[in-house]
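What follows is a single structure, written as structure tokens, with notes after it.
No lab work stands behind these numbers, since they all come straight from the coordinates. As the structure is a computational prediction, the values presented were derived from the model and not from experiment. Cβ atoms come from the backbone with ideal geometry, glycine included; neighbour counts cover every protein chain shown.
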Amino acid sequence: MMDQLALTWELEETKHRQKSKPRLGVMINGVRLTEIISQFEQQQGIGEFNDVFLHESDVQEYSLFNWLKSLEEGDVRIILLGCSCGQVECSFFYANVCNRDGWVYWQFDGWPKRDYSEFPSFWFNASEYQQVIEDALLHHQ
Ligand SMILES: [Zn+2]
């Protein structure tokens with residue numbers, strides 16, 4: 001069963017109703033990744049990390065290169081969420097991506113170390129995957 005990836009630039013309302021800088025939202029099969037994680041943490045009875053999607057500037061710094069690298073065959077790690085305090089390094093959640101034979105496989109892990117052995121993994125069609133990433137990351141400016 002193939003999974004569906006979607007990337008959306010999300011704007012959040014700030015207290016002063018200014019437009020905030022967009023964050024790169026990741027949706028899998030129509031569900032926000034943060035929601036999938038939150039449900040998993042509740043099921044497992046583990047504390048919530050409350051990591052958030054990356055700001056555009058953090059995408060540039062931490063993940064854009066690897067997003068693009070994941071379009072080629074091979075293995076790469078993509079940081080998807082960072083600490084809610086704004087410092088990506090202190091807590092983050094990432095996909096270990098394997099692109100091979102027309103398929104892109106995502107498994108997850110995070111820092112500080114967490115047990116995601118029971119967390120679902122996902123398969124994407126490589127050409128659909130490429131389209132989603134190019135639309136969100138190359139053509140959105
Ligand atoms: Zn932090």
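Structural remarks
- Region 6-123: C-alpha gyration tensor shape, a/c 1.5 cut-off, then a/b vs b/c: oblate
- The chain - mean residue ellipticity at 222 nm from DSSP helices (-39,500 (n - 2.57) per run, n ≥ 4, rounded to 500): -6000 deg cm²/dmol
- Those residues of region 102-133 whose amide nitrogen sits under 17 Å from the label point placed on Ile46, 7 Å along Cα→Cβ: 107-122
- Stretch gain in nm, segment Glu128-Gln39, where the contour uses 0.36 nm per residue and the Cα spacing is subtracted: 29.4 nm
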